[in-house]
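These notes concern the structure reproduced below.
The values are calculated or read from the model by the stated rules, or taken from the named source; none is laboratory data. These numbers were taken from a predicted model, which means no experiment stands behind them. Ideal geometry is used to build each Cβ from the backbone, glycine not excepted, and the neighbour counts take in all protein chains shown.
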């Protein structure tokens, strides 16, 4: 993986994903200076709490330095072409961590720099989130292969990365969503291919009750991702029956865990008390993002 881009979970083979999860686990609590004197830029079109802070703190813990650039600082593709931005940054930094509206912008940046580019979120995927989530499940369940994860709601970027990661590690993945809001066909096909190699299954359902039956992990995300705000009223109606609450969680396995990548909107995709439910591990997820990202950076740059 050294020197590669990490734009999608699909950029890695199954063994590399397994290795990243294990390395993230091993790096918890460590501050080895694996990125000593290296310079990184955080190129963020979208605002963030968890992603920005976890990358900044993680880079510092590994001995590196980082510069944050917001949408207003750069105007990627508006004030200045993405290709030009990438070619300039290529002369100054060792790596680019980008959080963008369009995955195409990410691909343009990667094509115009010799330095590794890490996807900190795009409209297609959220791969670092998926690695952190696999670490969280591993810690709480003692393993991954053979488990079942039910994702309830929008088949968005998080769902796509999770489907690929689960399939790569032998975790059964089920998405319960309205038909028009499923993961892309290309993601489904690649997830099916990886699942077949690892003895897992990928299912797309409409019924959340059917999806959570037998699940070891129940996962959800916002119904309105950044960039979809104009559809909010429509989405509130379409996804109403996909709200995760205590009753839905009770239909899963008795020792299942509840996950949400946050920010969470109580009274929308979840009931008021789900974040604080006794089976909720959402703050472990938040912590593990940093450890997963440290593992990604250490693997790509050291």
Being at pLDDT 95 or above and either exposed (fewer than 14 other Cβ atoms within 10 Å of the Cβ) or in a strand (DSSP E or B) (or both) is the filter here, so list the residues in region 214-233 that pass it. 217, 218, 219, 220
Please pick out the residue among 295, 264 that is within 21 Å of the chain's Cα centre (by Cα) and in the same structural domain as residue 62 (by TED's automatic domain parsing). 295
Filter the helices (runs of 4 or more DSSP H) completely within region 1-118 down to those with at least 3 residues that are within 30 Å of residue 195 (Cβ to Cβ) and touching a residue at least 40 places away in the same chain (Cβ under 8 Å). 14-27, 50-61, 103-111
For region 258-302, what are the residues that are in contact with a strand residue (DSSP E or B) (Cβ under 8 Å, 6 or more places away or on another chain) and part of a strand (DSSP E or B)? 258, 259, 260, 270, 280
With (1) within 17 Å of the chain's Cα centre (by Cα); (2) more than 25 Å from residue 229 (Cβ to Cβ) as the list, and residue 125 as the residue in question, which single condition is left unmet? (2)
Within region 5-32, of all residues that are at pLDDT below 95 and surrounded by fewer than 17 Cβ atoms within 10 Å (Cβ to Cβ), the one nearest to the chain's Cα centre (by Cα) is 28
Restricting the search to region 146-178, which residues are part of a loop (DSSP other than H, G, I, E, B), in contact with a helix residue (DSSP H, G or I) (Cβ under 7 Å, 6 or more places away or on another chain) and closer than 14 Å to residue 14 by Cβ? 169, 170
Under 7 Å by Cβ, and 6 or more places apart or on different chains, what pairs join a residue from region 185-198 that is over 14 Å from residue 11 (Cα atoms) with one that is at pLDDT 95 or above and outside any helix (DSSP H, G or I)? 188/202; 188/204; 192/202; 195/201; 195/202; 198/169; 198/170
Hits in region 46-81 - residues which are modelled with pLDDT of 95 or more and either in the same structural domain as residue 133 (by TED's automatic domain parsing) or in contact with a strand residue (DSSP E or B) (Cβ under 8 Å, 6 or more places away or on another chain) (or both): 51, 52, 55, 56, 59, 60, 64, 65, 66, 67, 68, 69
Hey, among 137, 152, which residue is in the same structural domain as residue 212 (by TED's automatic domain parsing), farther than 15 Å from residue 221 by Cβ, in contact (Cβ under 8 Å) with a residue 12 or more places away in the chain and touching a strand residue (DSSP E or B) at 6+ places or on another chain (Cβ under 7 Å)? 137
How many residues does region 47-76 contain that are in contact with a helix residue (DSSP H, G or I) (Cβ under 8 Å, 6 or more places away or on another chain), surrounded by fewer than 18 Cβ atoms within 10 Å (Cβ to Cβ) and under 22 Å from residue 104 (Cα atoms)? 1
Among the residues in region 201-212, are any buried (at least 18 other Cβ atoms within 10 Å of the Cβ) and without any contact (Cβ under 8 Å) to a residue 60 or more places away in the chain? yes
